[in-house]
């Protein structure tokens, strides 16, 4: 770095961040710069380029520069080639609307839940049903596979989250081993195991999320902050810490610390209910899908929305979203029966997938990224690859 010297302090507007306050007159190769103490400190510690980068996160003026950099990178990125995905399997067995589904970590099995009150475990390769259980209520709106693959959780209008151990003994009933883990005061809208089978997160129409101990059924932490029904949640990738994001009918997406129970970030840029949220694979961002017909990407480091995925021709809500394994593609299911595939970096739509005959209500990419499964109000699930 070039030689630097300092002269007497003055008072005024920092030439870099524009903050008003005491200034230090910095001379670099005989050129004078009037910087505040923070700017001088950053300049000396990280050198000139990295100083600019940290400014992006600390000063409003810098966010404009960040947007400019992102735009420049996106323009230079190579465009995606022809994108083709087809329905490879169709899973039929539900008698009513499919409301939720989840993949097992073995990349082969799927659990789905439906308005008919049934929870079915499928072999995605053969399309065979391996397990089926009838819940005591209709509208089973949430289901999730345990990380071990040895249990599934589900719930809906019964206001509960129930866990069913899976057994391959045909003489043993899943229902007989049912364990009620969570109890809300309104319907259960979403559930997700944490990184073990021992804890589960739930979201509810009572406006709260909660963390439960599976073995004892004890409430470990509750999360209050939404002003209306919570419709969705997603747990951050394990390497990023103990956080999750939720969305709901108050149009807010909220990021929570599971240890403190506090909301640590909140975003409110949608114009209608948020139906689905999903973390970016790196954990540094998340996407939301809403009834306002848009999907929005939020960068947690910049604490702001950085992209909107929409077109004037799309007038129906986005019901479910998920990323490809690399994070370059965004899959979004819509209420107009279609699945739109977006280029995350460029913000352009690269494909539209047709096949369902009613609203696409749920969508998840397989753990190995080679396929994704969608569920619909047409009573079916489809495997795309």
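All of the numbers you see were taken from the coordinates with simple rules; none came from a lab. Being a predicted model, the structure only gives us computed values, none of them experimental. For neighbour counting, all protein chains shown are included, and Cβ atoms are generated from backbone atoms with ideal geometry for every residue, glycine included.
Round to the nearest 0.05 the FRET efficiency obtained for residue 138 and residue 272 when R0 = 22 Å and r is the Cβ-Cβ distance. Walk me through the numbers before you get to the answer.
Working: r = 26 Å, r/R0 = 1.16.
Given R0 = 22 Å and the Cβ-Cβ separation, E is 0.30.
If I stretch the segment between residue 218 and residue 354 completely, what's the gain in nm (0.36 nm per residue apart, minus their alpha carbon distance), one decimal? Intermediate results must be reported in sequence, preceding the final value.
Details: separation 136, 0.36 × 136 = 48.96 nm, distance 4.38 nm.
My answer for the length gained is 44.6 nm.
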For this session: Please work out how much length the chain gains when fully extended from residue 264 to residue 167, using 0.36 nm per residue of separation minus the C-alpha to C-alpha distance, in nm with one decimal.
Result: 30.9 nm
Exercise. Bin by bin, in steps of 5 Å, what percent of the Cα pairs in region 334-385 do you find, going until the bin that has the longest distance?
Worked result: 5, 20, 28, 24, 18, 5, 1
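What is the diffusion coefficient of region 87-384 in µm²/s, taking the Kirkwood radius over Cα pairs and the Stokes-Einstein relation at 37 °C with a viscosity of 0.692 mPa s?
Working: Rh = 18.8 Å.
So the translational diffusion coefficient is about 175 µm²/s.
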For this session: State, to one decimal in nm, how far the label point of residue 92 lies from the label point of residue 304, with both points 7 Å from Cα in the Cβ direction.
Result: 5.1
